Structures are given as C-alpha cells and as structure tokens.
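The values are calculated or read from the model by the stated rules, or taken from the named source; none is laboratory data. In this text, all values refer to a predicted model and were calculated from it rather than measured experimentally. Positions of Cβ are backbone-derived with ideal geometry, glycine not excepted, and every protein chain shown enters the neighbour counts.
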Amino acid sequence: MSDARKLSIEVRGTQVRYGDHVALANVDLDVYAGELLCLLGPSGCGKTTLLNAIAGFVEPSAGSIRVNGKEVDGPAPERGVVFQEYALFPWFTVERNIQYGPRLRGVHGAELKAISDQYCALVGLAGAAQRYPNQLSGGMRQRVAIARALANRPQILLMDEPFGALDAMTRQTLQDELLKIWELERLTFVFVTHSIAEAVFLADRIVVMTPHPGRINEIIINTAARPRNRTSEEHFAMYRRIDTLFQQTTSPAVTEAREAAS
Amino acid sequence: MTRLRRRRQSVESFGQASLPRGRRTLLALVAVVGVLLVWSLLSGLGLVNTVLLPSPMDVLRAAVGAIRDGSLLRNAAASLWRVLEGFAIALAIAVPLGVLMGLSSTLRGLVEPLIELLRPVPPIAFIPLAILWFGIGELSKVMIIAYGAFFPIFVNTMAGFRDVDRVHIRAAQSLGARRYHIFRDVVLPSAFPQMVTGARLGMGLAFIVLVAAELVASSEGLGYLINDARFSFRTDQIFVGIITIGLLGLALNKALIEAEHRLLRWKFL
C-alpha cells in the first residue's frame, strides 16, 4: 500500500563507524512523506546514530541517505531536529528560541512575531513567550523545542527520544499533543524511542532495531486505528508482538549462538 | 548531648545553607561588631601593646586624619587606577588569546604546556624581573598587575570557548545557521558566563598583586601607605590602609557580581 506514496527519506546500505566500532551496519530504509515512523530498540542498537545520519550530524562511512531525492550533506532547515536534552538556547527567551530559524531566513517584524505567536499557541505556551528556558519545567522546555523546530517549517521532523527525560504523566500528555500536531502539520516524523508502548501509541510503522552491530531487525506496520487508545486490546496485541520479538532476539540462547558464531 | 546533636544537624545542612536576607545581614553585623568588641577589649584592657595593636578608636582617628589631609583618597585613587590599567591590559590580551585557543585544539596543544608551567608561579615572583625590565616606575607595577590578572581571564575564556555544548551547535545548524551565525548566537553567548567569571577572578588577583608591587617600590598607593607607616611606627595608619584595601576589594567584587547578574540575566533566573 505504502509503495505508491511519495518517498521522503531513502537510506541505502548506510553504515556508520566510529573508529573500529560499527554503530550502524548496512541499513536500508524508506520513509514515506507524511508518515510517523518510530525507530525502536535498546541502547546501542544504532537508532540515534541513524537519526543523526539523516539529520546530517554524522557522515555515513558507507552507503547513502537521500532526502526528497537529494543526497544529505550536513544539517539543513528542511530537517528539523528535537533533542532529548531539549537543546534550547538558554540565553534567548522562549520567543527568541522559536523565532531563531525564521529570523535566519530573514523573516522580521510583524511576520516574525506572528510565527512565534502561532507556534507558542500550538504547543500551549502562549503565556510563557517572554520567559527563559531556565524558568521552565522539562515538559515545557520540550514543547518549546518542538515549537522551535516546527516554526522553521521543515518537511521532516527528527526526534531523538524527546520525551525520555520526562516523567510518565508528562510523557503521555506530550505524546497526545504530538499526535495532534502531526495530524495538523502533516509532516514526516521520525521518532526515536526505547519504549515499546510509546512506539505502539505513536507510529504508523515501527522499525525494530537490535545491537551488536546496530541494524534493522524488522519493520512492523502498526495496524491500530487512530485515534488510539493506550488500553485497547489492539494496542496490547501490538505491544505483545513487538515485546515477543525483543524476547526472541535477546534471549540467552540467541545471544550465545551469536557470540559463538562471531 | 545537645551540642552533639546540634553539630550533626549543621553537618546535615552542609552546602545548602541559604540564609534569608535579613538574617544574613544580622549575622554579618554581629560578626563585625564582635570583632570590634574583642579588639577594643584587647587594647583597652592593656592586654596587648597598643603601639603594635592600636584600639579601633585610634584607627578611626587615623582614618579621619588621612581622609582630611587627602592622603587616603590620593593613595586609594592611585592604587585603583593601577588596578584598572593592569586589568584593562590583561583583558585586552587574555580575551583574544583565550578565544583563539578555545577554538583551535592545535593552538591549545601548543600553548597549554607553557601555561601549565607558568601558572603555579605566583605573579609576585616576577616583581624583581618587572622592575629590571620596566623600571621602578609606574610601568613595572601595571605590567605585573596585568600579568596577575591575565591567567584567570585567559584560562576561563579558553575553557568557555572550548566547552560549547555540541547539541546547541547542532540545534543551530539544523535551524539553518552558518558558521558566522553559530559563532554569534551560540559560541559567544555560551562562553560569555565563564569569561565574566574569569574577569572577576582576575580582578581579585590584580588586587593582591597590586599591594605586593606597591610594597616593594612605590611613592604612592595603598601599599605604599602601609609600608611608609611602618617606618614611622604608625600601626594605626597601617590598619587604615589594610581596611581600605579590604573595603575597596569588596566593593569591586560586589560591582562585578552585580554586572554579572545584569549581563547574564538568563543564568540567574
């Protein structure tokens, strides 16, 4: 079904090495325009490395990555990034943070103000525009970071465990809000997480990754209908399926066999 | 028993002792009055030789005298001016050098060993050399103060520019920032707080070096005032000089902290 859709990101035979260490081994992946894709796996599975390669922060040692048909050559505003550690500029107010991308493009005056107002409102922070990041809670900071990335009108939003540092309640709220934003903005979302529940709740497709070396194990199409319910049977079934997959790939027998083989 | 328990409590609150403002002022007042009281008793009861330790009242009288005849103001101004000159020179050299070395790891590798070698040498050790090189006059003193203030400013500037958070640079890049924008909007503002800290430490050192330099050779300044009073056995004047140095240093430090808070409002919220 998805093959007819427009390709947003094409990852072809991509490998990333850090010295002798292979962080990502020979990965192929298609990401379609407008889909919400989750990269799921334990630490060391290369999910963040893959995201950083798509963002243009790390250069693949082999293979290629194309975005909208164009080879990735460093970071670019078409690919917005949201970081786990928020990465807000603490010396700028919330408003200045959100305005940063548009301002670099030469937007100014009332237009600039309109953009920051719009995205402040989108993430529910209209009252906090003049505050500094240090004055905000973790959840609020990540909202600002999402607004900052979106205000620059990217085609793709790359998110590296954006809710990993938040408490469970805030995490759920932000997941709900993120889905609303995604439905509103209709961008391609690539979302890195190590939480099966998060991937099942958010994703159209879940890329299950495994470590030693980091690679794609399986790509699962999430059939659960939207709007989703965290406590539905459908949700649990999907959760079980992925959980079983991880149990198999990380069971002692499998690990032993792999070690014996290498 | 109760004393033991009290001590334990104070150990538990170690490091997080943030007193309310009013209480802090009160305690400061108690401390100052307490010291003055003990001092008065010591000299008043004849427990010490008042030639060596004059009473607070004697010191106050000497201070009034020194203010009246203008010598205190003249010497304080001379010292302050030297500090500012030396500090300005240090700033002008240390900041650009620190920026360059913070940004270039090659340059850092080249210069850092030399810095590590020079850093443990107290600036005061260079006073004789400074006198030989720059003469007994104003220049040698200003230069030695500049040298003293140089290291804290330089080292902190370098560290500030070296330790810019990579994630901030990446965030800026993915928002479309070019090298120039990254320097202006990320590197500079994130290095700035540590530069300011360096400047504050540098000012403190400049002050220490100043007095030492003035003690060795000078015809005016607070160090001179102290040393000159020694020859005439005017310990009261020595105390006036010492207290003036303390107050001046305190005022400068307060002013710099205030400037720091204003310049870096985002950091102290």
With criteria (1) within 15 Å of A:ARG215 (Cβ to Cβ); (2) surrounded by 17 or more Cβ atoms within 10 Å (Cβ to Cβ), A:ASP28 comes up short on (2)
Against the definition (in contact (Cβ under 8 Å) with a residue 60 or more places away in the chain and within 21 Å of A:LEU37 (Cβ to Cβ)), how does A:GLU198 come out, yes or no? yes
Taking the range A:213-229 and keeping residues surrounded by 14 or more Cβ atoms within 10 Å (Cβ to Cβ) and in a loop (DSSP other than H, G, I, E, B) leaves A:PRO213, A:GLY214, A:ASN222, A:ALA224, A:ARG228
Filtering helices (runs of 4 or more DSSP H) wholly in the range B:114-180 for at least 1 residues that are within 14 Å of another protein chain (Cβ to nearest Cβ) and loosely packed, with under 14 Cβ neighbours inside 10 Å gives B:166-174
Of the conditions (1) free of Cβ contacts under 8 Å to residues at least 12 places away in the same chain; (2) at the interface with chain B (Cβ under 8 Å from one of its Cβ atoms), the single one that A:ALA149 does not satisfy is (1)
So, first residue within 11 Å of chain A (Cβ to nearest Cβ) and free of Cβ contacts under 8 Å to residues at least 12 places away in the same chain in the range B:185-202, second residue not charged (D, E, K, R) and not in a helix (DSSP H, G or I), Cβ within less than 9 Å, six or more apart or across chains; the pairs are B:PRO189/A:PHE89; B:PRO189/A:PRO90; B:PRO189/A:TRP91; B:PRO189/A:PHE92
Within the range B:44-66, the residues that are closer than 18 Å to B:GLU220 by Cβ and either out of contact with any helix residue (DSSP H, G or I) (no Cβ under 7 Å at 6 or more places or on another chain) or exposed (fewer than 13 other Cβ atoms within 10 Å of the Cβ) (or both) are B:GLY65
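Confirm whether B:ALA66 is at pLDDT 95 or above and either among the aromatic types (Phe, Trp, Tyr) or in a helix (DSSP H, G or I) (or both).
No, not satisfied.
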>> Against the definition (within 13 Å of chain B (Cβ to nearest Cβ), in contact (Cβ under 8 Å) with a residue 24 or more places away in the chain, touching an Asp or Glu at 6+ places or on another chain (Cβ under 7 Å) and crowded, with 20+ Cβ neighbours inside 10 Å), how does A:PRO133 come out, yes or no?
In response: no
Being acidic (Asp, Glu), more than 25 Å from A:LEU104 (Cα to Cα) and in contact with a strand residue (DSSP E or B) (Cβ under 6 Å, 6 or more places away or on another chain) narrows A:GLU218, A:GLU177, A:GLU183, A:GLU198 down to just A:GLU218
Restricting the range A:86-101 to residues that are over 22 Å from the mean Cα position of the chain (by Cα) and outside any helix (DSSP H, G or I), the one nearest to the other protein chains (Cβ to nearest Cβ) turns out to be A:TRP91
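Would you confirm whether any residue within the range B:206-218 is among the aromatic types (Phe, Trp, Tyr) and more than 25 Å from the chain's Cα centre (by Cα)?
No, every residue in the range B:206-218 fails to be among the aromatic types (Phe, Trp, Tyr) and more than 25 Å from the chain's Cα centre (by Cα).
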Of A:GLY44, A:GLY74, the only residue that is within 12 Å of chain B (Cβ to nearest Cβ), at positive phi and in contact (Cβ under 8 Å) with a residue 12 or more places away in the chain is A:GLY74
The one condition B:GLY198 fails out of (1) within 20 Å of B:TRP81 (Cβ to Cβ); (2) under 19 Å from the mean Cα position of the chain (by Cα) is (1)
Restricted to the range B:194-219 and to residues being over 21 Å from B:LEU250 (Cα atoms) and not polar (S, T, N, Q), the residue surrounded by the fewest Cβ atoms within 10 Å (Cβ to Cβ) is B:ALA217
| said: Any residue that is part of a helix (DSSP H, G or I) and within 21 Å of B:ARG234 (Cβ to Cβ) - is there at least one of those in the range B:78-87? | reply: yes
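Yes or no, residue by residue, for (1) in contact with a Lys or Arg (Cβ under 9 Å, 6 or more places away or on another chain); (2) in the same structural domain as A:THR188 (by TED's automatic domain parsing); (3) modelled with pLDDT of 95 or more; (4) among the hydroxyl-bearing types (Ser, Thr, Tyr):
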| residue | (1), (2), (3), (4) |
| --- | --- |
| A:VAL200 | yes, yes, yes, no |
| A:ASN222 | yes, yes, no, no |
| A:HIS235 | yes, yes, no, no |
| A:MET238 | no, yes, no, no |
For A:ARG143, the lone unmet condition from (1) away from chain B (no Cβ under 11 Å); (2) surrounded by fewer than 24 Cβ atoms within 10 Å (Cβ to Cβ); (3) in contact (Cβ under 8 Å) with a residue 24 or more places away in the chain is (2)
request  = Look at A:LEU112 and say whether it is touching a helix residue (DSSP H, G or I) at 6+ places or on another chain (Cβ under 9 Å), within 12 Å of chain B (Cβ to nearest Cβ) and not hydroxyl-bearing (Ser, Thr, Tyr).
outcome  = no
Conditions (1) surrounded by fewer than 20 Cβ atoms within 10 Å (Cβ to Cβ); (2) farther than 30 Å from A:ARG131 by Cβ; (3) among the hydrophobic types (A, V, I, L, M, F, W, C) -> A:PHE92 fails only (2)
Considering residues that are in contact with a strand residue (DSSP E or B) (Cβ under 8 Å, 6 or more places away or on another chain), surrounded by fewer than 21 Cβ atoms within 10 Å (Cβ to Cβ) and not in a loop (DSSP other than H, G, I, E, B), the number found within the range A:68-85 is 1
